[in-house]
Amino acid sequence: MNASAEPSPDTLATLVKILAGFNKTGTELKPETRFTEDLNFDSLVVMEFVAVVEDDFDISVPLNILPDVATVKDLALAIDKILKDDGR
């Protein structure tokens with residue numbers, strides 16, 4: 001992902017809110033929080049989390065982007081791009 005770009009504050013805030021329900025480690029949720037290393041997400045949790053993200057944002061997250069999404073910021077940028085590509 002583009003390290004210099006910044007995600008929409010609204011996208012980031014919504015993601016942090018969603019993540020709170022999946023944060024079983026008590027890790028502080030911030031843009032640099034990593035899904036696998038910090039939150040211990042396994043593939044099942046990732047799929048459940050992505051489903052909630054898709055419902056909340058009314059989007060479809062292509063599964064082929066997931067290997068490139070390591071942090072909350074990465075996912076927020078990807079969501080912003082999906083929304084932009086959809087004309088929203």
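Each reported figure results from applying straightforward, stated rules to the coordinates on display, with no laboratory input. Just so we're clear, the structure is a prediction, and the values are computed from it rather than from any experiment. Counting neighbours? That spans all protein chains shown, and the Cβs are built from the backbone with ideal geometry, glycine included.
How much mean residue ellipticity at 222 nm does the chain get from its helices, if each DSSP H run of length 4 or more adds -39500 (n - 2.57) and you divide by all residues, to the nearest 500 deg cm²/dmol?
Details: 3 runs with 41 residues, N = 88.
It comes out at -15000 deg cm²/dmol, rounded to the nearest 500.
Net charge within 13 Å of D86 by Cβ-Cβ distance, Lys/Arg positive one each and Asp/Glu negative one each, not counting D86 itself?
Net of charged neighbours comes to -1.
Taking a cut-off of 23 Å between Cα atoms, list the lysines near K81, but don't count ones fewer than 8 places away on the same chain.
K17, K30, K73
Mind checking which aspartates and glutamates have their Cα closer than 19 Å to the Cα of K24? Skip sequence neighbours fewer than 8 apart in that chain.
Partners within reach: E32, E37, D38, D42, E48.
How much length, in nm to one decimal, is gained on full extension between E37 and D55, taken as 0.36 nm per residue of separation minus their Cα-Cα distance?
4.0 nm
For the chain, how big is Rg over Rh, using alpha carbon atoms and the Kirkwood form of Rh?
0.92
Which of the trypsin sites (Lys or Arg not before Pro) found in the range 7-87 are loop residues per DSSP with 13 or fewer other Cβ atoms within 10 Å of their Cβ?
On the way: sites: K17, K24, R34, K73, K81, K84; in loops: K24.
In loop regions of the range 7-87 (DSSP not H, G, I, E or B), the sparsely surrounded trypsin sites (Lys or Arg not before Pro) are K24.
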